[in-house]
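Reviewing the structure listed below.
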Amino acid sequence: MKSFYDTSRIEQMVFTQQSVEEHIIRREPFYLPVAGEVEIGLAAYGKRLPLLLKGPTGCGKTRFMQYLAWRLKRPLITVSCHDDLSTSDLVGRYLIKGDETFWVDGPLTRAVRAGGICYLDEIVEARKDTTVVIHPLADDRRELPIEKRGELLTAPEEFMLAVSYNPGYQSILKDLKPSTRQRFVSLAFSYPDEQRETLIVAAEAGVEADLASRLVRLGRMSRGLKESGLAEGASTRLLIQAGMLFRSGIDIKRSCTVGIVESLTDDPDMLAALEEMVEAVF
């Protein structure tokens, strides 16, 4: 007769396999390389080195990870980090069902067991005590301690750890410690050059090149307002969003207002300045 531990482990293995299968990317994501980041990502994976992606919101960090996972044919498990993210949220916890207690792996543990890619998006948003759990995974040990089970997982060669953050939002309270940063190969992302960004907006939003070019021009103008107090200019993601609204039949100026302008600020003066830009471009 199997013990409870044996049974739960078999059930957990089935659960992990089913969960990970859902994270395999079947179709090639649209991605235009900018500065050899794909080659670096592939090289890091080949040498079992973790990746740190840093760059502004909506510049393509997540899409890059999707493309890399597709190239490597590995499942991609993404975790959106936040202030309340606990170690148990990442590693796993015991749950009670009826009169039984069973263990459920967290996303990080599932990725390690399955040899997938775990992507921790906006890692600086997580609690400091939570990020410590990735340290042994991000150095040559490549181990994940599961203290509640008394288990030490060694990551298979196929496993990869990647994290990202936005340097524009970092502060003394929200920054990566040197002991964390220096475990990673770091890739700096920015918005693509005008030609590439136009191609991306046209392809992703399904709009003509001329309209995509004007959306990109608007985006670049808005980024120039950072020195005037705007927290961050329009991301490539927002430009695509406005293009998609236009494709749905919304007037282009209105599309820019609700898809870009109102998403950037609530400040009346900034809103007025951005609306003037929309008028000038369209």
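Quick notes
- Share, in percent, of DSSP beta bridges within the chain that are antiparallel, nearest 5: 35
- Surrounding net charge for residue 269, when Lys and Arg each add one and Asp and Glu each subtract one, Cβ distance under 12 Å: -4
- Counted charge near residue 56, where neighbours are those whose Cβ lies closer than 11 Å (Asp, Glu -1; Lys, Arg +1): +4
- Value of Rg to Rh for the chain (Rh from inverse mean 1/r over Cα pairs, i.e. Kirkwood): 1.04
- Per-residue packing, averaged as other Cβ atoms within 10 Å, sorts the ranges 89-97, 230-238 into the order 230-238, 89-97, beginning with the highest.
- If only the Cβ of Lys and Arg carry +1 and only the Cβ of Asp and Glu carry -1, the dipole of the chain around its Cα centre is close to 880 debye.
- Taking 0.36 nm per residue of separation and subtracting the Cα-Cα distance, full extension of the segment from residue 258 to residue 83 would add 60.2 nm.
- Across the range 222-227, coupling constants 3J(HN,Hα) worked out from phi with the 6.51/-1.76/1.60 Karplus curve, θ = phi - 60°, read 5, 5, x, 7, 4, 6 Hz, and Gly and Pro carry x.
- About its Cα centre, the dipole of the range 11-130 is roughly 580 debye, where the only charges are +1 on Lys and Arg Cβ and -1 on Asp and Glu Cβ.
- With all pairs of different C-alpha atoms in the average, the Kirkwood value for the hydrodynamic radius of the range 194-281 is 12.5 Å.
- Per-pair calculated FRET efficiency, R0 = 41 Å: residue 27 and residue 223 via Cβ, rounded to 0.05: 0.85
- Ranked 277, 221, 160, criterion: other C-beta atoms within 10 Å, fewest first: 221, 277, 160
- Label zone at residue 181 (point 7 Å along Cα-to-Cβ), backbone N below 14 Å, the range 43-60: 52-55
- A simple rule links phi to the HN-Hα coupling: the Karplus curve 6.51 cos²θ - 1.76 cosθ + 1.60 with θ = phi - 60°, which for the range 249-266 gives x, 7, 3, 4, 5, 5, 4, 5, 5, 7, x, 10, 4, 5, 7, 8, 6, 10 Hz, with x for Gly and Pro.
- Options 201, 68, 43, ranked by Cα towards positive dipole end of the chain, top entry (Cβ charges): 43
- For residue 146, distant residues with modelled amide H under 5 Å away: 151, 152, 153
- Between residue 73 and residue 38, the simple label model (points 7 Å from Cα in the Cβ direction) yields a spacing of 1.7 nm.
- Listed residue (216, 268, 229) projecting farthest to the positive dipole end of the range 194-281, Cβ model: 216
- Positive end of the dipole of the range 4-188 (Cβ unit charges, origin at the Cα centre): among 134, 59, 87, the Cα lying farthest that way belongs to 59.
- Taking 0.36 nm per residue of separation and subtracting the current Cα-Cα distance, fully stretching the chain between residue 280 and residue 251 would add 8.9 nm.
Here, each number is a calculation from the coordinates, and none is a lab measurement. These numbers come from a predicted model, not from an experiment. Positions of Cβ are generated from backbone atoms using ideal geometry, with glycine treated the same way; all protein chains shown enter the neighbour counts.
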